Amino acid sequence: MSKILLFAGTTEGRKLAEKISLAGVGAVVCVATEYGAQVMPELEGVEVRQGRLTESQMEELMESEEFYCVVDATHPYATVASDNIKAAAETTLLQYLRLKRETAGSSDFTRPGVHYFDDNESCAIALEGTRGSVLLTIGSKELPIYTRRGSLKGRLVARILPGSESLRSCESQGLGGRDIIAMQGPFSKEMNLAQIHDYNITVLVTKSSGQTGGFFEKALAADEAGISLFVVGNPDTTEGMSYDEVCSRLTSVTGVKIGRDRQFEVSVIGCGMGNEGSLTGDARNAIEDANYIFGSKRLVEIYGKNKQSFPFYKADEIIQYLDRLSSSLSDDTIKAVVLYSGDSGFYSGTSTLIPALDEWKSEQKGRGTTVYIKQIPGISSIGALSAIMGITYENSKIISMHGKDQDAATDMTFITTVRNNEKTFLLLSKPEDYVYYGNLLVRAGLGYTKLVMGVNMGSPEVRLFARTAEGASELEGEFPEGLATMYIFNERPASSAGFALKDTDFIRREGIPMTKEEIRFVILGKLGLKKGDVFYDVGSGTGSISIAAAGISDDIHVYAIEEREDVADLTAENKEKYGRDNITVIKGTAPEVFDVLPKPDAAFIGGANGKMKEIIRSLKDKGRDVRIVATAVTFETLNEIMEVMTEIPYSVVDIIQMNIAKTETIKQFHLVKALNPIFMACISFSPIHTEQPAKRHSRVRHPGQKLLPPE
C-alpha cells in the first residue's frame, strides 16, 4: 500500500502528519533531531524516523517503498536539507511538494528600531556596534557565527528548543546557565516581554519566520519594550506551496481527502467606555473565548491580558494578520475579536472592517475555511454622556470631527448643524477642541449656546466641563488628556422646514421678484432634492427658493446665482436671517459663473435675462444627469425653452401651466383673487441608448432625429 514520505521539522509538518493519519493514509515521517521525534505525537499509520540523511540515503529511502510523493516540510532556513530532498526526488522520479512557511509581512514591519539583514553574518557584525544584552531567537545551529565575535562575549542570551542537541550546541559555544532559555514555543507577546525585561535585553534577533515562527509576537514585544529588533532574512528563495495547497495536492494523488475545514469566528465588538462596567455580557464572553485579540493599544492592554493580542485596528492590518493565521496555524477553530471603543456601529472602524471581512470570507471559502462574522454593539459615548446629564438623545444631530482637519468646510458643517438644531452631539479629536468650537459658535452669532463636554467617560477619571460658547475660552489649559464628546444645546434653533416658510417671512425689497410659496412647493417637489445634492438657483431674487431648498437638508449645498448686486445682497440677507450656512451667494452672470462651480445635481432657472438657451445648454454640459426646473410667465420665454429642447438630442421636457387663486378679505367679505398664470418646464436629459424605431411619446426632438422608447 502506497504511503506519503514527509520530511518534517516545523509546526506545519507536524500538523500535516496528524491530518494524513486522520485520513487513514500511511506515512513515513523523517525528523532530523531527537527533539523533533519527541514532539511528534504517536499517530496511527505513521512511522517516525530520526536522524539527518544525506542525499544518497534519501534516494535509498525513496526507492525502498511505494510512495505517492515526498513532502518537504523542513524549516525554511534548512536550505541544504531542502536541496537534498529535491535532488533525491528528481533522481527517483518521485513527485516533490515543498510546503513553504508563510512569512509575508515579516519583511515589511517598518516600525522604529527595526533593522533587516540578508544573513546571520551581517547581523552579527551589526550587533558589535550595539550595547547591552542580546536575545538570540535564531536557533542553535547558527550560534557559532555570533559567539566567535569577541565583543559579543557575555552579552548573548540564546533561546533554543529544549532538546539535548540544542543544549550541547550552546555548551560547545561557551553558553550555559542563565545564558540559555530552553523552551518550546510558540511564545506570546507577553512572554517575549517578560523575557526581555528579566534579562535586560536591548536587542532581539529573530529570523523572518512569519506567523508560525512567532515573528509578530516578538516584533510587537520589542516595539513595546522600546528595544531594537534585528531581522535575518529568509534564505529560502525556492517556490513552494501553502499548507492548503499541499493538502489539496495530497487529496488529488491519494484519492482521499486530507486536510481540514477550518472555522474562523470573528467578533467585532464595541467596548463601550473602555472599562469592565460598560462591557456587555455578550462582549465579555466573546473576549474570554477568543484566541486572538485585535484593537487599539489602549483596548488590547485592558482586554488582551493572557491572550495573543495585537495593536492593530485598521482593516488592512487585521485582514493581513487573519490571512496569515489561516495560512499557517494548526487550530481547527480560530476565534478572534476586534475591539473598538464605544459602539461598533457608531463612527467606528467597523464601517471599513466589515466589508473587508465579507470579501475575505468569500476568498477563504475557496480554501476550505468557513468564516463566521459577528458584530456585538457597545455603549456609545453619546449614550453615556446623555445618561450623565439625565437627558435623552432622540431628535438630536450627531456629527464627528474626530480625526478630521479643522477647515472651512468642516467648520461650516458644524455651524450649520448647531444653528438649525436644538440638540447636537460632537465627537472631538481632543478635549482642547472644546475652546476651538466654542469660539466658532461665538463668531457665528451662537455664543448663547450651552456646551457640555465629557472626558474619559466610564473611567474613574471622568471629567465634565460646562459653559456657554462665550465662556468656553475660560477653560483653556484645564483639560485632561483622553477621549471627549461634546453636547451643544441651542434653545433658539433656526427653522429647518423650508417648505413651511410663508412669503411674509422673507425680507423684501420693492422691485425685486420672489417665487411665491405655492409655486415654491411644486418647484421643490419636481426637483426632488436630496441629501448631498449640489443645487443651482439661477436668478435667486429674494432668495426664497434657495432658503427653502437649503432647509430640506444641511447636506444640500445651494449656489444662489444673481447678477444684480443689490438683489444678491437681498438673497444674502435672507440667508443670514435663517442661518442657512449651506448657501453660497454668487454675484455673477449665468452661465459664465458655472465654470468655477461644482457639477450640479439640480438647478432652478427663475431669471435668465434672455439667456435661457445658453443656461440650459451649459447645465447639460456640466452634467447629463442634472434635473432642471425653469419657469416662464411669457410665451416668449416658454418658446425659448421649447426651441433649445428641440436642439438637444434625447432631452425630455414636461410643461405644466399653473393657475392659482387665493382668497382676499375685504371687510366681512372673502373674495377670490387670481394670480398670474405661470408655465413650469421640468427638464431632464436621457442617456444615449441603441437607436430604435420612432414611437409616439411626449419627448421633444429636433427635426430628423429618431426618438427612443421611454425607459
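What to note about this one:
- Where Glu239 falls short, out of the listed (1) surrounded by fewer than 20 Cβ atoms within 10 Å (Cβ to Cβ); (2) among the acidic types (Asp, Glu); (3) not in a loop (DSSP other than H, G, I, E, B): (3)
- All of Lys599, Lys587, Lys575 fail the test of being closer than 24 Å to Ile552 by Cα, of a type in the set (Lys, Arg) and in contact with a Ser or Thr (Cβ under 8 Å, 6 or more places away or on another chain), apart from Lys575.
- When Met389, Met401 are checked against the criterion of being buried (at least 19 other Cβ atoms within 10 Å of the Cβ) and over 25 Å from Ala283 (Cα atoms), a single residue qualifies: Met401.
- When the helices (runs of 4 or more DSSP H) confined to region 1-110 are screened for residues that are within 46 Å of the chain's Cα centre (by Cα) and closer than 23 Å to Ser248 by Cβ, those reaching at least 3 such residues are found at 11-22, 79-92.
- Against the numbered list (1) outside the structural domain of Asp581 (by TED's automatic domain parsing); (2) acidic (Asp, Glu); (3) over 23 Å from Ile382 (Cβ atoms); (4) without any contact (Cβ under 8 Å) to a residue 40 or more places away in the chain, Glu476 comes up short only at (4).
- Candidates Ala219, Ala315, filtered to the one that is over 23 Å from the mean Cα position of the chain (by Cα) and of a type outside the set (Asp, Glu): Ala219
For every residue, the table says whether it meets (1) in contact with a strand residue (DSSP E or B) (Cβ under 9 Å, 6 or more places away or on another chain); (2) in contact (Cβ under 8 Å) with a residue 60 or more places away in the chain; (3) surrounded by fewer than 20 Cβ atoms within 10 Å (Cβ to Cβ).
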site	(1), (2), (3)
Thr350	yes, yes, no
Val371	yes, yes, no
Ile376	yes, yes, no
Asp411	no, no, yes
Lys430	yes, no, yes
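- In region 401-447, residue modelled with the lowest pLDDT [restricted to those that are assigned to a loop (DSSP other than H, G, I, E, B) and of a type in the set (Lys, Arg)]: Lys404
Here is a yes/no grid of residues against (1) buried (at least 22 other Cβ atoms within 10 Å of the Cβ); (2) under 34 Å from the mean Cα position of the chain (by Cα):
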{"site": "Val522", "(1), (2)": "no, no"}
{"site": "Val534", "(1), (2)": "no, yes"}
{"site": "Val558", "(1), (2)": "yes, yes"}
{"site": "Ala568", "(1), (2)": "no, no"}
{"site": "Lys587", "(1), (2)": "no, no"}
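Yes or no, residue by residue, for (1) touching an Asp or Glu at 6+ places or on another chain (Cβ under 6 Å); (2) outside any helix (DSSP H, G or I):
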{"residue": "Glu576", "(1), (2)": "no, no"}
{"residue": "Thr584", "(1), (2)": "no, yes"}
{"residue": "Phe604", "(1), (2)": "yes, yes"}
{"residue": "Asn609", "(1), (2)": "no, yes"}
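- Filter result (touching a residue at least 24 places away in the same chain (Cβ under 8 Å), more than 49 Å from the chain's Cα centre (by Cα) and farther than 16 Å from Thr589 by Cβ) within region 602-646: Ala632, Val633, Thr637, Leu638, Glu640, Met642, Glu643
The values are calculated or read from the model by the stated rules, or taken from the named source; none is laboratory data. Everything numeric here is computed off the predicted structure, so don't read it as measured data. For neighbour counting, all protein chains shown are included, and Cβ atoms are generated from backbone atoms with ideal geometry for every residue, glycine included.
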